[in-house]
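What follows is one structure encoded as structure tokens, with my remarks underneath.
Please treat every number below as a calculation from the coordinates, not as lab data. Quick caveat, the model's predicted, so the values are computed rather than measured. Cβ atoms come from the backbone with ideal geometry, glycine included; neighbour counts cover every protein chain shown.
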Amino acid sequence: MDSLSYKPVRELSALLVSRQLSARELLDACLAQIDRVNPVVNAIVTQDREGAYANADAIDARRAQGLPTSPLAGLPIAIKDLEPVKGMRTTMGSPIFKDWVPDFDTLMIERFRSHGLSILGKTNTPEFGLGSQTFNAVFGATKNPWDVTKTCGGSSGGAAVAVSTGMLPFADGSDMGGSLRNPANFCGTVGLRTSPGRVPTYPSLNLWGTLGVLGPIARTAEDAAWLLSVQAGDDPRVALGRCGDPTVFRQPLDRDFKGVRIGWSPTLGGLPVEKGVRDALEKSLKRFEAIGAVIEEAAPDLSIADDAFQAQRALHLVNSLGAHYRDKRHLLKDTAVWNIEQGLKLTGEQIAAAQTAQSKCFERMQRFLSRYDYFICPVNQVLPFDVTTPYPMTIDGVQLGNYLEWMKSACRITMTSHPAASAPVAFAANGLPVGMQIVGHYGAELEVLQLVHAVQLPLAERMPSL
């Protein structure tokens, strides 16, 4: 059963549909891997084995009777602990919600259930998903499987570690300032930030919001695409996005990249980047050249994104956490309090300027991608740091101002609203994974996944030896 832990999702689906493998047997294999690895890394923080087995048995019974099932039915998944799941403890990584059991499913969970996925638990996240280092006062820290003294990134850190180590075939995540891309980068997996509206979010406090999106995290581009085929799709309750047929994401990702033009920036317009990151990504360019792509050093000017992102994020937190700040401030971590207070200080003029800057970022990326097919740059400006360090305060000798500034390479891309993935393409000299951030045309998630598929390192090289 151990070999099942790292089988591609397409193969697992074929085995399940043909009944060469039962959903119960696959769940057995994943839970055995969880029992072996999770105590070391602390990625899956809540489990519902009884519910997962009940679903697996129901799927097996349907298939035995010849009844129709989704190609993904019976595949196990655990849900990021920011996403409410009916009847399952959902803490948001916060003492405020440490005992909360929702009485509803979100739209995405409804889709997972309708496709027959076996929901076995929740994956760890920072408090309210704030900060790209996965630790909280409820469950503690999640550790990087390549070096358990290092952080796995975040905020979808538990998800990235769970798929990296074969505990799950794939997992869901969310991304505002890099929360799908950063942990994928640190753990050697694929994380895809989708275009706003590609994966509908409901319920939501702001149906017009574009900063936070949902997406997949998986070991390979194809596995991520298969999960996206369930996450994506139209829903009348959602204001943004008309997604079309999501089953296109289950088609093969192979394509010809000869002559495709790619703009490449090692610093995304002059940001400080650790030498270990720069060196690894420079070496990885040969993977892009090997498929026939033409690489040119060029970047859109996204410097206006920095202040605008921080303003937009702070405003979002006033909306989402303002009531908790007023009533239970003592239960919020210091960075959450600081970030909410930054939002409360914003003037109407500052908010308007941030909105204008976001529009300009979108337009600048659009113009850039009229000359290039893709843009590539670092996901993170640093290598995985000590798991006891909340966030870096210097990069390459440059002093940083707050807990968000080490993530600018991801936040700048967020402000363009274009889809972006972390592609596992390299290892640093210290043996830790380094991902390349691949940005595509607006709404072109399939094309982004195709390039990730073409350049990702073989999975055999990306299996941490825990």
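For the chain, with the dipole built from +1 on Lys and Arg beta-carbon atoms and -1 on Asp and Glu ones, taken about the Cα centre, which of Gln342, Pro183, Ser114 lies farthest toward the positive end?
Among Gln342, Pro183, Ser114, the one farthest towards the positive end of the dipole of the chain is Ser114.
Over what distance in Å are the Cα centres of the range 266-299 and the range 212-255 separated?
Taking the Cα centre of each part, the range 266-299 and the range 212-255 sit 27 Å apart.
For Lys408, Lys283, Lys345, what ranking results if the residue with the fewest other Cβ atoms within 10 Å of its Cβ goes first?
Details: Lys408 25, Lys283 14, Lys345 11.
Fewest-to-most Cβ neighbours within 10 Å comes out as Lys345, Lys283, Lys408.
Based on the Cβ-Cβ distance from Glu25 to Lys345, what FRET efficiency comes out when R0 is 60 Å, to the nearest 0.05? Write out the running numbers ahead of the final one.
Values: r = 56 Å, r/R0 = 0.93.
Calculated value: 0.60.
Applying the Karplus parametrisation 6.51 cos²θ - 1.76 cosθ + 1.60 with θ = phi - 60° to the phi angles of the range 30-46, what ³J(HN,Hα) value in whole Hz is obtained for each residue in order, glycine and proline being reported as x?
5, 5, 5, 5, 4, 4, 7, 9, 4, x, 7, 10, 6, 9, 9, 9, 9
Per 5 Å bin from zero, what fraction in whole % of the C-alpha pairs of the range 1-130 is there, up to the bin with the longest pair?
2, 11, 20, 21, 19, 14, 8, 3, 1, 0
Let me spell out the model: positive unit charges on the Cβ of Lys and Arg, negative unit charges on the Cβ of Asp and Glu, origin at the Cα centre of the range 2-461. What dipole size does that give, in debye rounded to 20?
Numbers: 44 positive and 47 negative charges, 49 e Å.
With only Lys, Arg, Asp and Glu charged at Cβ, the dipole is about 240 debye.
Taking the Cα centre as origin and putting +1 on Lys and Arg beta-carbons and -1 on Asp and Glu beta-carbons, what dipole magnitude results for the range 91-227, to the nearest 20 debye? Intermediate values should be presented prior to the final figure.
Details: 10 positive and 10 negative charges, 45 e Å.
Once rounded to the nearest 20, the dipole reads 220 debye.
Percent of alpha carbon pairs in the range 193-253 separated by more than 16 Å?
Values: 767 of 1830 pairs.
That fraction is 42 percent.
Take Ser320, Ser195, Ser13, Ser118 and order them by how many other Cβ atoms sit within 10 Å, fewest up front. Walk me through the numbers on the way to the answer.
Details: Ser320 18, Ser195 24, Ser13 21, Ser118 28.
Placing the least packed residue first, the sequence is Ser320, Ser13, Ser195, Ser118.
Find which of Gly87, Ala159, Cys243 sits farthest along the positive direction of the dipole of the range 2-461, computed with +1 on the beta-carbon of Lys and Arg, -1 on that of Asp and Glu, about the Cα centre.
Cys243
Among Arg10, Arg89, Arg49, what is the fewest-to-most ranking by other Cβ atoms within 10 Å? Display every interim value, and only then the final one.
Working: Arg10 16, Arg89 19, Arg49 13.
Going from least to most buried by this count: Arg49, Arg10, Arg89.
Taking just the alpha carbons, could you work out the radius of gyration and Dmax for the range 2-461, both in angstroms?
20.6, 64
In nm, to one decimal, how far is the modelled label at Ala14 from the one at Ala64, with both set 7 Å along Cα→Cβ?
Placing both labels 7 Å beyond Cα along the Cβ direction yields 2.6 nm.
The range 320-383 to the range 52-70: how many Å between their Cα centroids?
What the calculation gives is 43 Å, centre to centre.
Let me have the 222 nm mean residue ellipticity of the chain computed from DSSP H runs of 4+ only, each contributing -39500 (n - 2.57), with the sum over all residues rounded to the nearest 500. Show your work: numbers first, answer last.
Working: 13 runs with 168 residues, N = 466.
Taking each H run of at least 4 residues, the total per residue is -11500 deg cm²/dmol.
Please list, in chain and number order, the residues 5+ apart from Tyr202 or on another chain whose amide H is under 5 Å from its amide H, with Hs placed from the backbone.
Correct list: Leu107, Met108.
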